[in-house]
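Since the structure comes first, as structure tokens, the remarks are kept for the end.
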Amino acid sequence: MVDFKDPQHLKKFSRFYQHAINEIDSGIHVIDEHGKTIIYNQKMMEIEAMHVEDVINKNLRDVFMFYEDQESTLLQALFEGKTTKNKKQTYYNNKGQEITTINNTHPIIENGKTIGAIEIAKDITKLEKLLRENSSINGQTYYTFDLIIGESSPLKDVIDQAKRATRTSSSVLIVGETGTGKELFAQSIHHGSDRSDKPFISQNCAAIPESLIEGLLFGTKKGAFTGATERPGLFEQANHGTLLLDEVNSLSVNLQAKLLRVIQEKSLRRVGDTKDTQVDVRIIATINEDPYQAIEAGRLRNDLYYRLSVVSLHIPPLRKRKEDIPLLVNAFINKFNRKFQMAVRKIDEEIFRLFYQYDWPGNVRELEHVIEGAMNLITDEDRIEYTHLPSHFRNKTQFKVEIPEMFQMTERKSDYRPFTKPLKEQLEEFEEFYIQKVLKQHHNNVTQAAKQLGLSRQSLQYRIKKFQ
């Protein structure tokens, strides 16, 4: 028992109590008999995007705004003695941001008198936003095969396979690393099929919590929880069209089983419903890892894999189609010229050489970001130079300098050329050659060249003068 008369015991209890409520994975909000907040835990701060100082000891109506036809469930509990369970409530914080929660609210009664109220809340703001956004999608696609940039054999082969997949409604599994353009292929398949005038709906399965994804995919039945509305899920919204499930391997095994059932039986059951609804949806799924490794690791059910991979497309990474880099660079320059109202014409040839040397772990998306970053650093120039490249990219790449023939070593006796100069003189010749190349790469910008050479500006200027 806590001795509330002992200040030390009371202080210790307060610390433990504060730690305990902040560890609870639900929002907790308590008001006193005047409607002022006296308890506001860490989770509630995250849900409502507010600091404790914004709320504590302040009247609820002074901090939050509710719809005209709605009253705060906390204030209803306080003034009407009303208990609510699993009730959806939408309101606004002090920054005007919309918040949606599912609440359990109770009056706090002592000796027959209401002295406060407590609310325990679960956040569904993201779910509401996603449902609203997906409800407004009109099914228009933005990409077609004509917009896929590249002439390399690996890319042409996969485009040809994808075009053949437009003739049927079979499921398609697109395998490719992050940034290779998997959604571009998915939209192109939809646009080229006889479903092109029907909805195309895309959802990244890794972007939302598991607790929300089932209602988002399959919809909700009115009365599933207090305040729940009759809401179609993504399958129903995509009916007669195409549903893209991006990063399908991020779904839980339990949800993968439900997804498999819907694909096989072409029917679904909304959350909270008792009857099935028929759907006609073409499924295109993407995965950013080897599917067999995902199956071995338990991230992908093998029966779902076989159902999805009726048609399998493997999008090549950029490092395996580097001959497409010039086409991609020109396309991105044109894109950002229009966007930024610029007139950049080209990129230095030496940067192309650097691009060919680099392995592009972020693939086409990384290349696009590098070009966008470079064009943000251009002022009046009409071409992208090495100094315009984003610093993070320059830090993880470097030029490979071509060694002149006189310095190249060979093991073939017939090619052997004797070295007759003293070591110091030979080293000075190579130093001069190397400095010339680096200066040329930086268009005689001494500061940038010194940085790459690991010299001070003064030290490089001394060497330039010396070799001149």
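Please specify each residue of the stretch 310-348 satisfying the condition of being part of a loop (DSSP other than H, G, I, E, B), modelled with pLDDT under 95 and in contact with a strand residue (DSSP E or B) (Cβ under 8 Å, 6 or more places away or on another chain). I'd like the intermediate steps shown before the answer.
Of the residues in the stretch 310-348, the ones part of a loop (DSSP other than H, G, I, E, B) are 310, 315-317, 321, 341-345, 348.
Applying the additional criterion that residues be modelled with pLDDT under 95 yields 341-345, 348.
Within the stretch 310-348, Val344, Arg345, Asp348 qualify.
Could you tell me how many of the residues in the stretch 271-283 are closer than 16 Å to Glu210 by Cα and either crowded, with 21+ Cβ neighbours inside 10 Å or at pLDDT 95 or above (or both)?
Step one: filter the stretch 271-283 for residues closer than 16 Å to Glu210 by Cα, giving 271.
Pick out the ones that are also either crowded, with 21+ Cβ neighbours inside 10 Å or at pLDDT 95 or above (or both) and you get none.
Of the residues in that region, 0 qualify.
Just need a number here: residues in the stretch 369-395 that are crowded, with 19+ Cβ neighbours inside 10 Å, in a loop (DSSP other than H, G, I, E, B) and not hydrophobic (A, V, I, L, M, F, W, C).
Adding up the residues that qualify gives 1.
Scan the stretch 323-362 residue by residue and report those that are basic (Lys, Arg) and touching a residue at least 40 places away in the same chain (Cβ under 8 Å).
Within the stretch 323-362, the first condition is being basic (Lys, Arg), and the residues that meet it are 335, 338-339, 345-346, 353.
Passing the criteria: only Arg353.
Could you list, in sequence order, all residues of the stretch 74-97 that are over 17 Å from Leu60 (Cβ atoms) and in a strand (DSSP E or B)? Show your work before the answer.
Initially, the stretch 74-97 is screened for residues over 17 Å from Leu60 (Cβ atoms), giving 83, 85-86, 88.
The answer is Lys85, Asn86, Lys88.
Name the residues in the stretch 291-306 that are outside any helix (DSSP H, G or I) and not aliphatic (A, V, I, L, M), would you?
Here is the first cut: in the stretch 291-306, the ones outside any helix (DSSP H, G or I) are 297-301.
Residues satisfying the conditions are Gly298, Arg299, Arg301.
Of all residues in the stretch 240-270 being assigned to a loop (DSSP other than H, G, I, E, B) and in contact with an Asp or Glu (Cβ under 6 Å, 6 or more places away or on another chain), which is modelled with the lowest pLDDT? First the steps, then the outcome.
Initially, the stretch 240-270 is screened for residues assigned to a loop (DSSP other than H, G, I, E, B), giving 240-241, 247, 251-252, 266, 269-270.
Subset that is in contact with an Asp or Glu (Cβ under 6 Å, 6 or more places away or on another chain): 240, 252, 269.
Values: His240: 95, Ser252: 92, Arg269: 87.
Step by step, filter the stretch 240-270, then rank; the result is Arg269.
Checking Glu296 against (1) on the phi < 0 side of the Ramachandran plot; (2) at pLDDT below 90, only one condition comes out false. Which one?
Of everything listed in (1) on the phi < 0 side of the Ramachandran plot; (2) at pLDDT below 90, Glu296 misses just condition (2).
Go through (1) closer than 30 Å to Pro390 by Cβ; (2) of a type outside the set (A, V, I, L, M); (3) outside the structural domain of Glu368 (by TED's automatic domain parsing) and name the single condition Arg345 misses.
(3)
Matching residues to (1) without any contact (Cβ under 8 Å) to a residue 24 or more places away in the chain; (2) in contact with a helix residue (DSSP H, G or I) (Cβ under 7 Å, 6 or more places away or on another chain); (3) crowded, with 17+ Cβ neighbours inside 10 Å:
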residue: His191; (1), (2), (3): no, no, yes
residue: Phe218; (1), (2), (3): no, yes, yes
residue: Leu234; (1), (2), (3): no, yes, yes
residue: Ala257; (1), (2), (3): no, no, no
residue: Val262; (1), (2), (3): no, yes, yes
residue: Glu265; (1), (2), (3): yes, no, no
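Mind checking whether some residue in the stretch 349-363 is at pLDDT 95 or above and part of a helix (DSSP H, G or I)?
yes
Whether any residue in the stretch 195-203 is at pLDDT below 90, more than 23 Å from the chain's Cα centre (by Cα) and either aromatic (Phe, Trp, Tyr) or part of a strand (DSSP E or B) (or both) is what I want to check.
no
The values are calculated or read from the model by the stated rules, or taken from the named source; none is laboratory data. Computed from a predicted model, the values in this text were never measured in an experiment. Methodologically, a virtual Cβ is constructed for each residue, glycine included, from the backbone with ideal geometry; neighbour enumeration extends over all protein chains shown.
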